[in-house]
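Each remark here refers to the structure printed beneath this line.
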Amino acid sequence: MMNLEKMKKRKKELGMTNQELSERSGVPLGTVNKIFSGATKSPQYDTILALETVLGMTFYRDEDGPYVSSMREEAFHYTVHGSYTLKDYYALPDHLRAELIDGQFYYMSSPGLIHQKLVGELYFQIKEYIRRKGGPCDVFLAPFDVFLDSDDRTVVQPDLMIICDQTRVEAKGVTGAPDFVLEIISESTGKKDYSTKLNKYWSAGVREYWIVDPLKGRVLTYCFNGDNPDIGIYGLHDTVPVGIYGDLSIDFGEFSFLV
C-alpha cells in the first residue's frame, strides 16, 4: 500500500484542503476524499501521479509491488504556495496536462466525449467563417500554450481561442491575451473557469470570453469593455452571437448530441 500518512502530512504542510487538491490535480473530489479517508486502498496509477505532482511527492513501485513514496525536490520547489514558474511547468511529465496561473498549478483531466464534439464543431464553424471572410485572425485549439501575462508564472491552454495579431503566435505558443477565448466546463474545471480564469482573461486584455457549460445547459458570454463587461446568458438551444465579429453566430441548437 502507499504511505497515506506521508501524503496527509505533506498536504498539511502545504495547507491544502481536499477541495484544493481536487481542483489542482483534476482528480474528482469524491475520489480524493476516499483516498485520504482510507476507503480506497489501491488508487489507479494516474490518480496517484496527479496527486503526488501537486503534493511534490514521487510514487513508484517495483514490478507489481506496492507504491512507495519519497519527496521529489529536484524538479519542483514546494516551499511557498504560488511559487512555481515556467521551469517547473516544463519539468512536468509529458502525459500530465496542467495550467500555471499566478505561480500555481491546476491539473486537467482528459476531455470527455461531449467536450470533444463541442470543441470540434465550434472550431469548424469559426474556421469556415474566417476562411470565407479572410483577414488576419485565426482559431486555435488546446493544447496550445498561452503566456497570458508575458511572464514566467502564468501559462494557460484555452479550449478554443481566436488570435488576430499573428506576430504573437510562435511554435511554442501565444504571447499575450487572445482576442477571443472559449472554455468548456467539466466537473473538475468549473470553479477555475468561472472564477480564476474569468478574472485572469479580463485583466490580461481578452476581448471576449465564453463559458460553455454542458452540465448546467448554458452559455455565458463576456464582452470586456472597460470596467463593466457586457454579459450574455444563453441556453444550449440558442443562437449565440460572437461579439468580436458583427455577422457570426453559433447555433447551439444544431448540435444534436447536446439534446
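Each value in this text was obtained by applying a stated rule to the coordinates, not by laboratory testing. Treat the numbers as computed from the prediction; the structure is a model and nothing was measured. Note that each Cβ is placed from the backbone with ideal geometry, even for glycine, and that neighbours are counted across all protein chains shown.
Here are a few things to note about the model shown:
- Check: the chain dipole with +1 on Lys, Arg Cβ and -1 on Asp, Glu Cβ, in debye: 640 debye
- K12/K127 FRET efficiency (R0 45 Å; Cβ-Cβ; nearest 0.05): 0.40
- 19 Å reach of a label modelled at H95, 7 Å along Cα-to-Cβ, counting backbone N of the range 140-164: 143
- Ordered by the number of other Cβ atoms lying within 10 Å of each residue's own Cβ, fewest first, E208, E170 fall into the sequence E170, E208.
- Ranked list, fewest to most other Cβ atoms within 10 Å of each Cβ, for D94, D238: D94, D238
- Taken about its Cα centre, the range 118-259 carries a charge dipole of about 80 debye when Lys and Arg each add +1 at the Cβ and Asp and Glu each add -1 at the Cβ.
- The relative contact order of the chain, computed from alpha carbon pairs under 8 Å that lie at least 6 residues apart in sequence, is 12 percent.
- Mean silhouette area of the chain, derived from the convex hull of its C-alpha atoms and averaged over all directions, reads 15.3 nm².
- Using the alpha carbons alone, the radius of gyration of the range 136-179 stands to its Kirkwood radius in an Rg to Rh ratio of 0.91.
- Across q = 0.21 Å⁻¹, the range 200-259 modelled as identical point scatterers on its alpha-carbon atoms has Debye log10 I(q)/I(0) values of -0.83, in the order of the q list.
- Compactness of the range 113-258 is given as radius of gyration and Dmax, 14.4, 41 Å, from Cα positions.
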